[in-house]
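In what follows, a single structure is set out as structure tokens and then discussed.
The values are calculated or read from the model by the stated rules, or taken from the named source; none is laboratory data. What you see is a predicted model, and the numbers here were worked out from it, not measured in a lab. Here the Cβ positions follow ideal geometry from the backbone for every residue, glycine too, while neighbour counts run over all protein chains shown.
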Amino acid sequence: MIFDNRVDAGRRLAGRLGEYHGPNTVVLAIPRGGVVIGYEVAGSLGAPLDVIIPRKLGAPNQQELAIGAIAGENIVVLDQQTIGYLGVPAEYIEAEVKRQREEITRRRKLYRDDRPFPSLEGKTVLLVDDGVATGATTTAAAREVRAHNPGKLVLAIPVAPPETVDRLRREVDDLVVLETPEPFYSVGSWYYEFEQTSDEQVVALLDAAESWSYAGTETT
């Protein structure tokens with residue numbers, strides 16, 4: 001299956017998540033593209049939508065190559081095999097973590113402004129993205145969600161490679177994925193349209209979803 005675009009993928013994914021319809025469900029999307037998916041899922045389920053913001057740690061001179069990811073205040077996931085193979089020094093990793101934490105802070109302010117983070121205590125949390133490749137950022141996001149004591153953590157994604165899906169199952173209580181192609185190539189290979197989602201689009205979708213019922217909030 002190749003998806004027309006993120007809206008199409010989100011609607012197809014929502015069709016597989018009907019069992020999670022109810023007041024106890026919260027949808028958390030990984031920006032930026034995952035917010036388009038999350039908007040469709042949350043709208044279909046009548047659930048609140050918010051963002052969780054992990055960041056990939058890029059390799060020296062190869063920012064698209066992940067050597068790990070971070071999330072929250074102290075969650076760091078490192079790919080020690082890749083770090084060892086590339087000989088990445090500890091000082092570089094420390095600087096990259098600092099740089100990406102600054103980007104998380106910027107995005108939190110931009111996307112949420114003064115809106116508090118939703119309470120996840122005892123909730124069913126649907127963690128969504130537009131697809132997963134290595135799984136580093138998704139793993140970091142899942143661990144951040146765990147720190148908020150949800151009742152159930154569900155990862156819902158349109159597409160991911162089989163080996164990544166197998167690893168991610170250990171991080172969540174349930175995993176819903178529409179396609180697990182092999183060979184995988186990249187997330188964008190499974191969309192006819194895969195343009196970059198802008199910060200402005202993310203903010204607009206979150207603002208549009210604010211009219212939906214939020215089941216309590218807490219400040220982080």
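Any residue in segment 164-174 that is in the same structural domain as Ala14 (by TED's automatic domain parsing), over 17 Å from the mean Cα position of the chain (by Cα) and in contact (Cβ under 8 Å) with a residue 12 or more places away in the chain? Looking for residues that are in the same structural domain as Ala14 (by TED's automatic domain parsing), over 17 Å from the mean Cα position of the chain (by Cα) and in contact (Cβ under 8 Å) with a residue 12 or more places away in the chain, one finds none in segment 164-174, hence no.
Count of segment 31-81 residues, restricted to those that are in a strand (DSSP E or B) and either at pLDDT below 95 or not hydrophobic (A, V, I, L, M, F, W, C) (or both), is 10. The sole residue among Glu19, Glu73, Glu64, Glu40 that is without any contact (Cβ under 8 Å) to a residue 60 or more places away in the chain, outside the structural domain of Val159 (by TED's automatic domain parsing), under 22 Å from Val172 (Cα atoms) and not aliphatic (A, V, I, L, M) is Glu73.
Consider segment 174-196. How many of its residues are aromatic (Phe, Trp, Tyr), in contact with a helix residue (DSSP H, G or I) (Cβ under 9 Å, 6 or more places away or on another chain) and surrounded by fewer than 14 Cβ atoms within 10 Å (Cβ to Cβ)? Explain how you work it out, then say what you get.
Filtering segment 174-196 for residues aromatic (Phe, Trp, Tyr) gives 184-185, 190-192, 194.
Keeping just the survivors that are in contact with a helix residue (DSSP H, G or I) (Cβ under 9 Å, 6 or more places away or on another chain) gives 184, 190-192, 194.
Subset that is surrounded by fewer than 14 Cβ atoms within 10 Å (Cβ to Cβ): 192.
Looking only at that region, the number is 1.
For segment 147-156, state whether one or more residues are more than 21 Å from Arg16 (Cβ to Cβ) and either buried (at least 18 other Cβ atoms within 10 Å of the Cβ) or within 14 Å of the chain's Cα centre (by Cα) (or both). Scanning segment 147-156 turns up at least one residue that is more than 21 Å from Arg16 (Cβ to Cβ) and either buried (at least 18 other Cβ atoms within 10 Å of the Cβ) or within 14 Å of the chain's Cα centre (by Cα) (or both).
Out of Glu102, Glu121, Glu144, one residue alone is surrounded by fewer than 18 Cβ atoms within 10 Å (Cβ to Cβ), out of contact with any helix residue (DSSP H, G or I) (no Cβ under 6 Å at 6 or more places or on another chain), outside any loop (DSSP other than H, G, I, E, B) and of a type outside the set (S, T, N, Q). It is Glu102. Among the residues making up segment 175-209, those that are among the acidic types (Asp, Glu) and within 19 Å of the chain's Cα centre (by Cα) are Glu179, Glu195, Asp199, Glu200, Asp207. Taking segment 150-163 as the range and being closer than 20 Å to Val26 by Cα, in contact with an Asp or Glu (Cβ under 7 Å, 6 or more places away or on another chain) and touching a residue at least 60 places away in the same chain (Cβ under 8 Å) as the test, the residues that pass are Val154, Ile157, Pro158. When you check Pro116 against the structure, is it touching a Phe, Trp or Tyr at 6+ places or on another chain (Cβ under 7 Å) and in a loop (DSSP other than H, G, I, E, B), yes or no? Taking the combined requirement at face value, the residue does not satisfy it. Taking the criterion of being more than 21 Å from Ala47 (Cβ to Cβ) and at pLDDT 95 or above, the only residue of segment 110-130 that qualifies is Leu110.
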